Amino acid sequence: MSVTANSLTACALEKISLFITKRYGLEFRQHRQELLWQAVQERMQACTVSSTEQYLRLLQQGKEEVLLLINLLTIHETYFFREPAHFAIIRKQIIPRLAKSSGPKPFFRLLSAGCSTGEEAYSLAMTLLTIPGTGIDWDFEIIGVDVDTKAIHKAQAGLYGSYSFRSCSREIQNNCFERLSKDCFLIKRQVKEKVRFEALNLFEQVYPDWLQNLDIVFYRNVSIYFSREQQQDIFHRLTGLLKPEGCLFLSCTETLYHHNKHMILVNSGDAFYYQKTAATLPSVAIAKSSQYSVCTQPPPAYVPPQKKRPLTRIPRKLLSPLITTTNPKPCLNTDDCCQLFNTALILIKSKKRTEALQCVDQLLSADSQFIQAYTLKANILLGQQQLTAAIKLCKTALVLEPFCLEAYLLLGMAAKLDNRFDDALQHFKEAVYVTPECWLAHFYLAEIYQFCSEIAYAKREYEVTSKLLKQGNFDNHGLSFFDMPFQLNDFLQLCQYNLEKLQN
Ligand SMILES: C[S@@+](CC[C@H](N)C(=O)[O-])C[C@H]1O[C@@H](n2cnc3c(N)ncnc32)[C@H](O)[C@@H]1O
């Protein structure tokens, strides 16, 4: 191919990539560009189109071809009872609670958003069918939606190979499926009739009216390729579909950007989920017919989470004029604040804690939104055993930044020092929820479980800690202002020693 032809292809491919990202949220950075290129080539061949520009024009002409391309670009990995803790929470906690608090014979509606080939939606149906009272005291329906029409057709067919059952008990598989051949299982009618599947692009600004008034939404493993703004946007729209106090589940790896003021994060013990506050949500438009219509109100503007400020290291000699013990300057600019912060760090390193605290106080009176100043001060106070003051600072940090890992870690450490083990467990679990690879949180969890003789949990947490450390996460412990007093090998040996002890 000539240079000109090559650059034309690249240009058209870029346009196709933008077109798909804008309409469907899928992004194509790095290795995913290759996936896009392969899918485009496959479709070009199927349409007998010889140039990428021609194919781009085809895409722009009609929705049908776009959907066929999308079918090649989406990732469908799924299986029955993926993340089993979520189904246990629904069975043991959420449905019994909803059944109790609703009127006579309530009808629950659950959504699997991004349902792929249907395993998640059917798992929900199988879960609800085993809860006492189903069909008598209350009833339910499950809706599965996905942008991929091919996946929807597979879901509707309800035929599965054994790989889909890798997290499903033999008992459920035998009760709910008919074996048609060695590797082919058909979902039974009683389960199937509880679930309906529809094609839907979650990027549509307005969702159809049959999606209103949901009790539970599963939106797991879908948003990974969406940008932060797009993730927020969909999360907000899904929140709008929930009834007050309805619940939304994400996979344990998709958390950070899913947050809005209408949802509270609930730690149920084994997993987290979001629950909608009792107050109703304003301004999420719902189409009045089952056809999509143009949204009259735009979704609320996305407010990005507060960014961490850059911490610039500056030479010590430049710092002294900024440290004052007199009245704080009422208003410092961002650079001054960063300098003050760095000064505090240097002072701590040279063990001048009183001066460091003065510095942080000066900074906070100039800028009460400087989150790291709260956690830094909490760190110092924790070292001085001033637990109540440290806890208060962490809570303030969390008001400003609900996903502040350091605040959760410090709260856990404070609770542990105070022998409040339940609270400590809760905070370290929150830390893990915010940053699953935070080995320090896992290590503390292991220690507390061991102390409380929860042997199996302790072993699991030591194993996770070891694994994360071996993967090279040592420096990502989550306490950003201090170096670890021990080396990587010390922690690894400690984990090994405790694992052997627990084994015996
Ligand atoms: C990895 S699967 C997740 C399946 C299931 N939720 C689970 O956790 O096992 C992701 C699914 O999201 C779907 N998806 C991606 N973008 C979507 C969009 N804009 N609207 C609806 N579904 C989408 C894909 O087609 C794919 O089937």
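Annotations
- What a 1.4 Å probe finds exposed on the range 128-167 is 58% carbon and sulfur by accessible area, rounded to a whole percent.
- From phi via Karplus (6.51, -1.76, 1.60), per-residue ³J(HN,Hα) for the range 186-202 in Hz, x at Gly/Pro: 10, 5, 6, 4, 4, 7, 4, 6, 8, 10, 10, 10, 9, 7, 7, 8, 5
- Global form of the range 370-503, assessed from the alpha-carbon gyration tensor, a/c cut-off 1.5: prolate
- Rounded to the nearest 20, the Cβ-based charge dipole of the range 143-191 about its Cα centre (Lys and Arg +1, Asp and Glu -1) stands at 140 debye.
- Of the solvent-accessible surface of the range 370-503, computed with a 1.4 Å probe over protein heavy atoms with every protein chain present, carbon and sulfur atoms account for 51 percent.
- Sequentially through the range 486-491, phi angles give Karplus couplings (6.51, -1.76, 1.60; θ = phi - 60°) of 10, 8, 3, 5, 4, 5 Hz, Gly and Pro residues having no value and appearing as x.
- Here the range 174-238 is treated as an ellipsoid with the same Cα gyration tensor; its semi-axes, largest first and in whole Å, are 32, 16, 10.
- At q = 0.08, 0.14, 0.15, 0.17 Å⁻¹ the log10 of I(q)/I(0) for the range 84-276 amounts to -0.25, -0.80, -0.92, -1.19, computed by Debye summation with a single uniform scatterer per C-alpha, solvent ignored.
- Sequence ranges 52-63, 358-369, ranked by mean other-Cβ count within 10 angstrom, highest first: 358-369, 52-63
- Over the C-alpha trace of the range 329-442, radius of gyration and Dmax come out as 14.3, 42 angstrom.
- Net +/- balance of residues flanking Arg57 in space, Cβ distance below 12 Å, scoring K and R +1, D and E -1: -1
- Dividing the Cα radius of gyration of the range 3-73 by its Kirkwood radius returns 0.92 for Rg/Rh.
- Computed over the range 37-136, the P(r) curve from all C-alpha pair distances, binned at 10 Å from the origin, holds 13, 31, 18, 16, 15, 8, 0 percent per bin.
- Dipole magnitude for the range 3-73: about 200 debye, using +1 per Lys or Arg Cβ and -1 per Asp or Glu Cβ, origin at the Cα centre.
- Dipole of the range 84-276, positive direction: furthest Cα of Leu238, Phe107, Gln212, with charges on the beta-carbon: Phe107
- For Ser112, the residues 5 or more places off, or on other chains, whose built amide H falls under 5 Å of its own are Ile143, Gly144, Val145, Phe218.
- Against the rule of thumb 2.2 N^0.38 Å, how large the Cα Rg of the range 405-476 comes out: 1.01
- Reported to the nearest whole Å, the Cα centre-to-centre distance from the range 412-466 to the range 104-143 is 33.
- Cα-based Rg of the range 71-194 normalised by 2.2 N^0.38 Å, two decimals: 1.07
- Cβ-defined net charge surrounding Tyr444, 9 Å radius [Lys, Arg +1; Asp, Glu -1]: -1
- Relative protection proxy for 162-173, 393-404, from highest mean packing down: 393-404, 162-173 (other beta-carbon atoms within 10 angstrom).
- Gain on full stretching of the segment that runs from Asn504 to Lys63 - 0.36 nm per residue minus C-alpha separation: 152.5 nm
- For Lys459, net neighbour charge (Lys/Arg +1, Asp/Glu -1) across residues whose Cβ lies under 12 Å away: -2
The values are calculated or read from the model by the stated rules, or taken from the named source; none is laboratory data. Since we're looking at a predicted model, the values are computed, not measured. Note: ideal-geometry Cβ built from the backbone for every residue, glycine included; neighbour counts use all protein chains shown. With ligands, DNA and RNA removed, areas are computed over all heavy atoms of the protein, side chains included. Shrake-Rupley method; radii C 1.70, N 1.55, O 1.52, S 1.80 Å.
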